[in-house]
């Protein structure tokens, strides 16, 4: 079996101007980054006539195994299948992070014959968007410490700063640091600090929810960096730096146009965490794809309890999007771990938002066809439509059946709605998600969580949606509870406001925002030869 990178390097790519032409763009509408990548200035493109059909399809998944269930591969494969049945289609997905790429994944651009190209460039630096986010974030961090050192106004308490630094790499040694050491204060105010991975930055979340450059700058200004002596929030706008942060992101805000192995146009843009953020690509790329194509296929991170819930309640609400159908990816190995009840629960969750759903039974190379047929029958017995797909080995041909069925779902009338109204109290929003999506019997709030939620409400943020950060390995907040757990409670340990992104992050369990490298990092398999050919990405 060929590796992903071998398949990608053997694929014939079209010049990016030809890919742009497939969606009605000419050379004046794109900014090429070499022969096969281009930035697409959204403000220039949206002036063009839009398509009459604007169907939005979300790819999500059952509770995953640690290896992942091929959600991105299915997203790309479905786009190729839709193209093969004659539908004008675009795909909109997240950008890979260098941390997981060098850590466990070794790459995140799909797999096999359902990949985005050029695979190596997309995985390694790409157009520099993540670096721009890193620099904008760390500019704010530098200004904060200079503000303390210079004793500038407004007052900012050195022990109440909530803005850490970021790095686009897994590095556990940087989770907790002390800055301002030595030289009797000339190096700044000594205080505790730390690093998170760039994907966890609120700047990344803001980039992915902003509607345009001025909205981006306004949202950056609303970032709460810390609190003064009276616990009043201090924002990036109070420090006067949000304009400079936006300037650093002036190119990153434009979607990146690439292609699949079969030449389907793709926007790869933005990459927020699917835990403390909403785990979806940018609103700008999604809307632009919908402007240019009849069908847009996108995805949300982790299982449907995290990614899809946040896609519906946060991204769709913020952007005014109305999804038409959902493809829920399942695998036999995840079924073996979690059972049919887990699949049923995720389907029930999607249906709570009044969106039709179909299951993609994603075939892995060593799967027994009889096992996949059995799983399909079990879905049918539970009243769930399902199709066996083979997007990795078959490309678009591996999912023609599900493509046809999803087109039929998109024509059904749905009454999409959010799970809760924004005027609901924060505690009730958390309870609603925990009981209706996770299946918990209730929520337990620690004393710290109660204080944090009360303070957030008193500061005027109670109207925001909530973004619950919990383990993706279980419907519960305990990763050791597989399947569809019963009789459990969700424990909320803390909460903080992401005012710029526009939601309240609610913590359940120990959520890691700076991953570490495994015993044998994927980076140890990555190499380059004298001709510049990269190997080891998979």
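Listed values, structure above:
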read-out	value
Exposure proxy order (Cβ contacts within 10 Å, fewest to most) of 435, 389	435, 389
Cα long-axis angle, helix 283-292 against the chain (0 to 90 degrees, to the nearest 10)	30
Of every Cα-Cα pair in segment 278-392, the percent that sits beyond 21 Å	41
Segment 258-320 and segment 7-27: distance between their alpha carbon centers, rounded to Å	21
Rounded D (µm²/s) - segment 1-156, Kirkwood Rh over Cα pairs, Stokes-Einstein at 25 °C, 0.890 mPa s	131
Calculated P(r) tail over 13 Å for segment 265-320, as whole % of Cα pairs	56
Binned Cα-Cα distance frequencies in segment 130-238 - 10 Å width, integer %	14, 44, 34, 8, 0
Long-range Cα-Cα pairs in segment 75-194 (distance over 24 Å), rounded percent	49
Inter-label distance, nm, simple model (7 Å from Cα along the C-beta direction), residue 231/residue 177	3.0
Sequence of 392, 351 once ranked by neighbouring C-beta atoms within 10 Å, starting from the fewest	351, 392
Degrees, to the nearest 10: 400-410 long Cα axis against longest axis of the chain	60
Of all DSSP beta bridges in segment 426-507, antiparallel share, percent nearest 5	40
Estimated inter-spin distance, residue 159 and residue 444, nm [label 7 Å along Cα→Cβ]	3.0
Antiparallel content of DSSP bridges confined to segment 130-238, in %, to 5	70
Per-q log10 I(q)/I(0), segment 402-538, q = 0.16, 0.21 Å⁻¹ (Debye; single scatterer per alpha-carbon; no solvent)	-0.91, -1.18
Rounded tilt (10° steps) of 369-381 against the dominant C-alpha axis of the chain	70
Coarse-grained scattering of segment 426-507 at q = 0.16, 0.20 Å⁻¹, given as base-10 log I(q)/I(0) from a Debye sum over alpha-carbon atoms	-0.57, -0.85
Antiparallel DSSP beta bridges within the chain, percent to nearest 5	40
Footprinting exposure proxy for 208, 410 (fewest neighbouring C-beta atoms within 10 Å first)	410, 208
Between segment 183-240 and segment 459-508, the alpha-carbon center distance in angstrom	22
Unit Cα scatterers, Debye sum, segment 486-538: log10 I(q)/I(0) for q = 0.20, 0.25, 0.29, 0.30 Å⁻¹	-0.83, -1.02, -1.14, -1.16
Whole-number D in µm² s⁻¹ for the chain, Kirkwood Cα-pair radius fed into Stokes-Einstein, 20 °C, 1.002 mPa s	91
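No lab work stands behind these numbers, since they all come straight from the coordinates. Not measured: the values here are computed from a predicted model. Note: ideal-geometry Cβ built from the backbone for every residue, glycine included; neighbour counts use all protein chains shown.
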